[in-house]
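The block underneath contains the structure these notes are about, expressed in structure tokens.
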Amino acid sequence: MGFVGHPYIPNTREIREQMLREIGVASVDELFADIPAKIRLRRKLKLPGQMSELEVKRHVHAILSRNRPFTKTLSFMGGGVWPHQIPSHVKELVRRSEFLTSYTPYQPEVSQGMLQALFEYQSMICELTGMDVANSSMYDWSTSLGEAALMCSRVTGRRKFIVPALIDPERFSTLQNYVSGPGLELGKISYDKGTGQLDTSQLRKELRDDVAGVYIENPGYLGFLETQVDEIAKAAHEAGAIFVVGINPISLGLLKAPGDYGADIVIGEGQPLGNSVSFGGPLLGVFACRDDVKLVRQMPGRLIGMTTALHGKTRGYAMVLQTREQHIRRERATSSICSNEALCAVTAAVYLASFGPRGLREIGEACASNASYAMRKLRTIRGLKVPIFDAPHFNEFTVNYDDIGMSLAKLNAGLLKRDIHGGKPLRGDFPELGEAALMCVTELHTKDDIDRLIKTLEEILG
Amino acid sequence: MTNYRQARWASDSLLEPLAFELGKPGRSGYTLPPKLHEQLKIPKNLLREKLELPELSEVEVVRHYTRLSQMNYGVDSGFYPLGSCTMKYNPKICEELACLEEVECIHPHQDEDTVQGALELMYKLERFLAEIAGVDRVCLHPSAGAHGEFVAMLLTRAYHKFKGDGGRTQVIVPDSAHGTNPASAAMAGYEIVTVPSDSRGRVDLKALEAATCEQTAALMLTNPNTVGLFEDKILKIAEVIHGAGGLLFYDGANLNGILGEARPGDMGFDIVHFNIHKTFSTPHGGGGPGAGPIGVKGELAKFLPVPVIEYEEKHKRYHLNYDRPHSIGKVKAFYGNFRVLVKAYAYILLMGAEGLSEVAEAAVLNANYIMRKLSNVRGYELKFDSSGPCKHEVVFSVDPLKKETGICAKDVAKRLLDFGMYAPTYYFPPIVSEALMIEPTESEPKEELDRFVEALKEIAEEARSNPEKLRSAPTSTAIGRLDEVKASREPILSWRMYRRRAGR
């Protein structure tokens, strides 16, 4: 029967009866008479019965109690989504229901708050990446990559997109799906086995006049930096290709803006900027490019622009260049994206406004310092090769366990037994790296945390 | 009738400065514990020299974004009849649950044994959604509606390819469809064939038959459609498409109108998508994050993205299965917008089977109430056969009022903002001239619906007595109408572009 006076349905049965009478309809059933009888569902859905708020709370708590959050278990997991500090005021501000319960700001007059917050997000991403234009978000890094490849092809009229071989295989799989529509060709460029750096001679060989874009990541999926950026940018541009750089924006208080080494498009994962890990979603796809009409008109996604009131000079914000988008351009749109990750973008704006240039640099230094310390200490353990590639690292690094006489699975199980989530195993994705793991540290890790990892590993390995 | 005034933090030319224009050098809105000082080996060519971000104290940050929020209108502010967007109330308990550590602080690469709760919740949500839509298997990965559509089109291609039927290059889309439909199909490499609507506001069956051929890969259909009407010839439509070897895709934007009353799977749809942030009440956050799961029938399941969640009865344990040789692979990182999915799961439990049917009944009644009440108001008309009921939404045309007074749908919509309500979707669907697309949802009490109809009546009268008032509306909002033409002609898309323009 349901509750009398449902909390989310203000019109009680009595009121509904009254409304039906007022519009001359005999019963609610009559309102569904246009659905052919053959497909009317004449039974109740096979779902649990209605629960009270208290029951739902208990039920969901009970299910979720089978999760072990990394706040209670020391974790070294990264690889596409990374735990960072989220200040309380950031959480509180983005939960304000005026932001939370609004739709896409189609009516700018009553939506200036969301529009300005998104404009600030776009502006801050531009400062971080050295680009001029950022959209108000894509779904995540991997879909940003897919969209970037499509955009490069639209801009250049070419059909090949080049990526590094050491790319996250899941990100690559997403890219494959995104370019499968127009059937773009993907090329992978190999790396130096010692340093992980891109094989630039292979790159030059591949860079013919069919290449739409060249993509690198900084830091890459395995945590190290690509240092030959100027050379790669030059090679890409000489071949008439667009240079696309993937980033983790939280590194950009410390690291150079890709725009300063020639990037035309910058993409990445904005989750670290104040957004929770949440089992990998929602995330925040960063997408930015240079102020070049050729590029901007081909951009996917929503753009917020500054303008003024029609009458008077008051500054205001509105969605702009919508003729690129699906609701106007339909099948000729630059992308089908409509709902995106707007509130995650607002979160990033609040986060960046709070930390500012100094805070972001401090976080970057803390991440890199912690990684450096962790690697240094891990190297003292016999049998570990840390990191696999001799290159500068940001906050993630690889560890090879070939010589410990124990499988990584067994080692990680041992760590977990002692309340530590070890690194992400890499063997399935990169068999050439041997028995290896990807480890992550951020500003959340203390020296004691890292020392505890070392001590525990020593204990397990004897 | 109304004294609505939106908050406005303004000087003459500025509602609220940008964060970049606030603060002072040296201020900070954070604290960090002492850090290790390791010698970093980052080469000079990769080190940053300067970064121009705002420098604000926490106090300033909080005031700035609080003020911005006050210049934003949400469902919690009032009536939000935005057609096709299902702006219903978002229960607070769902938000609270999504903020638990057990939701926010679990990592997708963690050992499966340490995330059994998350896997169980998603596994059960998949089954709930499958039952609601009448499909066999659900995948929660897509991030939003359009993403779900895109993935559905990738599945369509994989399916035809598997059947050795690679010549299917066309996707049929009605002219009333959401723009995302043709855009998603085009992204997946399909050529779009548009079919017109008939005089009843439904798919023109003859035109559909003519458009369907051996090249047809799929038909994308919203039902109830964007005019708010049920495609009552759906069984015949399914016969036509299936008869030609095509698939039927269900756009779930309007599922709220038939929840528990009818199921897409029973109508013959092969692939469906869900707008979790519409039907299942997760807040839209000003444009996302939402979630756009897809459901499929029968053998289409083998093409779904990896991983799929499985339950091992023997070990009473959930696990992620990547061993799916026919899978299309990945469509995004990880397993879906988990934090959003938790809210949907809680919502379905809060409503239960009876509650979900009640949602459809109350939402459809609210829309019909507006339809009947407003059809008595001079100035607004229904373009299609209005003898039968509408579903979750109703589309009025402002044509009569425009003919009489020159006032258009946009003017009416903008004036509604002054009444403290959000505007309906206007100029959509494109098949209705001067359209106002009104979706009240089940969340609105009768009084609010009456107030809405009264407001539209008052506006029609104003159009006759004082049209200028409408053309200059809104005046009660933080800002009046914006120069959107200039905004797109000379786009200023960031603080640095603005400074460059201003020569600063």
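Candidates are the residues of the range B:11-22 that are facing chain A (nearest Cβ under 7 Å) and of a type in the set (Gly, Ala, Ser); the one that is farthest from A:Gly316 (Cα to Cα) is B:Ala19.
Of everything listed in (1) out of contact with any strand residue (DSSP E or B) (no Cβ under 9 Å at 6 or more places or on another chain); (2) in a helix (DSSP H, G or I); (3) more than 25 Å from B:Ala7 (Cα to Cα), the single unmet condition for B:Thr86 is (2).
Within the range B:39-46, identify whether any single residue is surrounded by fewer than 19 Cβ atoms within 10 Å (Cβ to Cβ), of a type in the set (A, V, I, L, M, F, W, C) and more than 20 Å from A:His89 (Cα to Cα), and answer yes or no. Yes, the range B:39-46 has at least one match.
Checking each residue in the range A:257-275 for being touching a helix residue (DSSP H, G or I) at 6+ places or on another chain (Cβ under 8 Å), surrounded by fewer than 24 Cβ atoms within 10 Å (Cβ to Cβ) and touching a residue at least 40 places away in the same chain (Cβ under 8 Å) picks out A:Ala257, A:Gly259. The set of residues in the range B:41-60 that are under 41 Å from the mean Cα position of the chain (by Cα) and more than 7 Å from chain A (Cβ to nearest Cβ) comprises B:Lys50, B:Ser57, B:Val59, B:Glu60.
The sole residue among A:Ala391, A:Ala437 that is crowded, with 21+ Cβ neighbours inside 10 Å, in a loop (DSSP other than H, G, I, E, B), of a type in the set (A, V, I, L, M, F, W, C) and within 28 Å of the chain's Cα centre (by Cα) is A:Ala391.
The set of residues from the range B:171-194 being surrounded by fewer than 24 Cβ atoms within 10 Å (Cβ to Cβ) and either at positive phi or part of a strand (DSSP E or B) (or both) comprises B:Gly189, B:Glu191, B:Ile192, B:Val193, B:Thr194.
Regarding A:Val133, is this residue at the interface with chain B (Cβ under 7 Å from one of its Cβ atoms) and in contact with a Phe, Trp or Tyr (Cβ under 6 Å, 6 or more places away or on another chain)? Considered against the rule, which asks whether it is at the interface with chain B (Cβ under 7 Å from one of its Cβ atoms) and in contact with a Phe, Trp or Tyr (Cβ under 6 Å, 6 or more places away or on another chain), A:Val133 comes out as no.
Of the residues screened, B:Lys402 is not one that is under 25 Å from the mean Cα position of the chain (by Cα), part of a helix (DSSP H, G or I) and charged (D, E, K, R). Restricting B:Ser472, B:Ser488, B:Ser465, B:Ser494 to residues that are in contact with a Phe, Trp or Tyr (Cβ under 8 Å, 6 or more places away or on another chain) and polar (S, T, N, Q) narrows the list to B:Ser494.
Among the residues in the range B:261-271, are any touching a Pro at 6+ places or on another chain (Cβ under 7 Å) and touching a residue at least 60 places away in the same chain (Cβ under 8 Å)? So far as the range B:261-271 goes, no, none of its residues is touching a Pro at 6+ places or on another chain (Cβ under 7 Å) and touching a residue at least 60 places away in the same chain (Cβ under 8 Å). With respect to B:Tyr123, is the statement that it is at pLDDT 95 or above, closer than 27 Å to B:Ser281 by Cα and among the hydroxyl-bearing types (Ser, Thr, Tyr) true? Spelling it out, B:Tyr123 is indeed at pLDDT 95 or above, closer than 27 Å to B:Ser281 by Cα and among the hydroxyl-bearing types (Ser, Thr, Tyr).
Of everything in the range B:334-374 that is free of Cβ contacts under 8 Å to residues at least 12 places away in the same chain and small (Gly, Ala, Ser), the residue that is nearest to A:Ile9 (Cα to Cα) is B:Gly355. Taking the conditions (1) aromatic (Phe, Trp, Tyr); (2) at the interface with chain B (Cβ under 7 Å from one of its Cβ atoms); (3) out of contact with any Leu (no Cβ under 6 Å at 6 or more places or on another chain) in turn, A:Phe76 satisfies each one other than (2). For B:Gly29, the requirement of being assigned to a loop (DSSP other than H, G, I, E, B), at pLDDT 95 or above and farther than 30 Å from A:His445 by Cβ is not met.
In the range A:335-362, of all residues being under 29 Å from B:Glu38 (Cβ atoms) and in contact with a helix residue (DSSP H, G or I) (Cβ under 6 Å, 6 or more places away or on another chain), the one that is surrounded by the fewest Cβ atoms within 10 Å (Cβ to Cβ) corresponds to A:Arg361.
Flag: B:Tyr65 does not match the condition of being part of a loop (DSSP other than H, G, I, E, B), surrounded by 18 or more Cβ atoms within 10 Å (Cβ to Cβ) and either aliphatic (A, V, I, L, M) or at the interface with chain A (Cβ under 7 Å from one of its Cβ atoms) (or both). Screening B:Gly26 with (1) facing chain A (nearest Cβ under 7 Å); (2) surrounded by fewer than 21 Cβ atoms within 10 Å (Cβ to Cβ) gives one miss only, at (1).
The values are calculated or read from the model by the stated rules, or taken from the named source; none is laboratory data. The shown structure was predicted, so the numbers you read here are calculated from the model rather than taken from an experiment. All Cβ positions, glycine included, derive from the backbone under ideal geometry; neighbour counts span all protein chains shown.
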